[in-house]
Amino acid sequence: MELTIGLLLFGAGLAGGVANAIAGGATLIAFPAMLAAGLPPVLANASNAVAVTPGHLVAACADRHVLPPADRRMLTAILAVLLGGTVGAVLLLITPERLFTLLVPALIGVATVIFAFARQIQRSIAQAFGDTPPQPVVTRAALLAPTAIYGGYFGAGSGVMLLAVLSVTGREDLRSANAFKNLLASAVSAVTVVIFTLQGLVRWPETLVMLTGAMCGGYLGGLLIKVLTPSVGRTIVIAFGIGMTGLYAYRYWM
C-alpha cells in the first residue's frame, strides 16, 4: 500500500471516528475514502463496514447501564436485526458490480438526506403514531428488520433509521434508545462482517489502517465533543455527503 493511500485511509478513519463521536455519519466519510483508495465499490462497502464496526460496539458498551432489560423484547429485536442484516449482506453479494456502482451516488445521497433530516423523520413517525406508540414485540421487530436489511446492504444512515424505529415503538428515554440503537447496529455489523469476511470481500490492509484511524478518532471526538456542538459536526458531515454525492454522480452517471 502506498504511503499516500495509507494516510488517506487513516485520515478518513480519524475523521469518521470524530464524526461518529460528535454527530454520527462516519460511513459518509469512510466509504468514499475506500473508493478513492482504488477499491471496487462492493469491496469498498464491505471493507468500510468492518472498519466502522468498533465504534458502535464501544458506544453500546459505554452506555450499557442504560440499556433496556434483557427480556423477550430485546431478544426479539436483536434477532430481527440479525436476520435483516443477513438478508442485506446477501443482497450485496448477489448485486452485480456494475449495478452497485450505478447505485453508489444514490445510496450516498439517500444516506445524506436521512442524516440531514434525522430529527424531522423521527418527529414525523412519532406524529403518525400519536401519543400511544405501538407496544407489541412483533410490531417493533417488523419495522427493525427492513431497516437492518438496508444496514446490511449499505449502512450509512441506518443508525438514524434504527433510532427512529425504537423511538416510536417503545417508551425508552432518548439515551436508553440511543444505547439500544448502538447495540442493534453492532449486531447488524457483526453478521455482515462475518459474511463479508467468509466471502473474501474485505481488503484487510486498507481496512486495518482505517479501523486504527477510526479508533483514534473516536477518542479524539470524545475530547472535542466538550468544545464543539453536535450541529457543527452534523453540518460538516452533511456538506461532505453532498459533495461526495455530486462527485460520484458525475463519475458514474455522466
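Taken together, the residues in the range 62-78 that are over 19 Å from the mean Cα position of the chain (by Cα) and either surrounded by 16 or more Cβ atoms within 10 Å (Cβ to Cβ) or in contact (Cβ under 8 Å) with a residue 40 or more places away in the chain (or both) amount to 8. Each residue in the range 152-170 was checked for being at pLDDT 80 or above and farther than 19 Å from LEU67 by Cβ, and 3 pass.
Does ALA111 qualify as being modelled with pLDDT of 75 or more and aliphatic (A, V, I, L, M)? So ALA111 fits the description; yes. For ILE29, the conditions (1) assigned to a helix (DSSP H, G or I); (2) over 15 Å from TRP204 (Cα atoms); (3) more than 17 Å from the chain's Cα centre (by Cα) all hold with the exception of (3). Residues in the range 199-254 that are assigned to a loop (DSSP other than H, G, I, E, B), of a type in the set (Val, Ile, Thr) and either in contact with a strand residue (DSSP E or B) (Cβ under 6 Å, 6 or more places away or on another chain) or closer than 20 Å to GLY6 by Cα (or both): VAL202 only. From the list VAL42, VAL58, VAL81, the one residue that fits, being part of a helix (DSSP H, G or I), out of contact with any strand residue (DSSP E or B) (no Cβ under 8 Å at 6 or more places or on another chain) and crowded, with 23+ Cβ neighbours inside 10 Å, is VAL81. In the range 201-235, which residue that is surrounded by 19 or more Cβ atoms within 10 Å (Cβ to Cβ) and hydrophobic (A, V, I, L, M, F, W, C) is nearest to LEU14 (Cα to Cα)? Taking the candidates together, the pick is ALA214.
The values are calculated or read from the model by the stated rules, or taken from the named source; none is laboratory data. Everything numeric here is computed off the predicted structure, so don't read it as measured data. Don't worry about glycine lacking a Cβ; one is built from the backbone with ideal geometry, like all the others, and counts go over all protein chains shown.
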